[in-house]
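See structure below.
Bear in mind these aren't lab numbers, they're just calculated from the coordinates by the rules spelled out. Source: prediction; values computed, not measured. When we count neighbours, we look across all protein chains shown, and the Cβ atoms used for this are built from the backbone with ideal geometry, even at glycine.
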Amino acid sequence: MRERMVVGNWKMHGSLVGNKSLLDGILTGLAGVDSVHCAVCIPFPYLFQAQFTLQGTELVWGAQNVSQHEKGAYTGEVSAAMLRDMGCSITLVGHSERRALYGEDDAAVAEKFIAAQQGGLIPILCVGETLEEREKNITAEVVERQLQAVVERAGLEGFSRCVIAYEPVWAIGTGKTATPQQAQEVHAYIRALFAEHNSKLGESIMILYGGSVKAANAAELFSMPDIDGGLIGGASLDANEFVSICKAAKRKAA
Ligand code: PGA
């Protein structure tokens, strides 16, 4: 049975004081919530604070982006090794905001995926279609292209050490969640793509859903057979909301 995971993506939000109360609130709320991996992806400057506050707890922390380079003259960039140094175990790669606003194409995302793994991090690879692409009925094509670019560079083996997040761009930060059925359809498609080549990988790969997940809709989304948890933006900035979402990801006893 696949494990469950809920990851908060704080985006460019936070402050020393605000983070402290948010993290304390999450830790208090999560006490006793086992069987779900919970994590926060926070802005670079606060990784130090996460390391200080979260070390020895169940809450995992990571970054929202990573350089594809190992080190060198790359002003403004942060390497996977640096993130490891700050105690990170995960990083997002290819979030749609990085793709759309910072020109990260499929090839760059694939490089980042590899750099993350080589640096000892688990990449959370984000894929998803825009509204225009959905309306043109090319969702499957877009998602397959985004995954294929990484398969070409990392091989299928690379996918045994990663998490995939399906995030329809039209659902991110818009309040428009994909329906559980719409999300399930794409999750099942992604799983089948891997299963076609390697049935064990298809069965085991963890696929999170992201896009306007809230405490109010999480349980229904997570009840779908191919949705293994969530990548949570806005709602991860509120400790109670985030904790409720983590609790909703607990697998019901069969
Ligand atoms: P949202 O963001 O939950 O605010 O829609 C999700 C994300 O960008 O990862």
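Worth a mention:
- Volume per residue for the chain equals 120 cubic angstrom (convex hull of Cα atoms).
- Filter on LYS176/LYS247; LYS11/LYS136; LYS11/LYS176 - keep pairs with C-alpha separation over 25 Å: LYS11/LYS136
- Relative exposure of GLU77, GLU157, judged by other C-beta atoms within 10 Å (fewest first): GLU157, GLU77
- Average projected area [Cα convex hull, the stretch 96-221], square nanometres: 7.8
- Each part gets one Cα centre, and for the stretch 99-126 versus the stretch 147-216 those centres are 15 Å apart.
- Global size of the stretch 88-168 as Cα Rg and Dmax, reported in angstrom: 12.3, 39
- In the elastic network of the chain, a GNM with C-alpha springs shorter than 10 Å, the most mobile of GLY233, GLY202, GLY76 is GLY76.
- Candidate membrane-span-like segments in the chain, meaning DSSP H helices with Cα atoms spread over at least 20 Å of their own axis and a Kyte-Doolittle mean of -1.0 or above, are 16-30, 139-154, 180-197, with no membrane implied.
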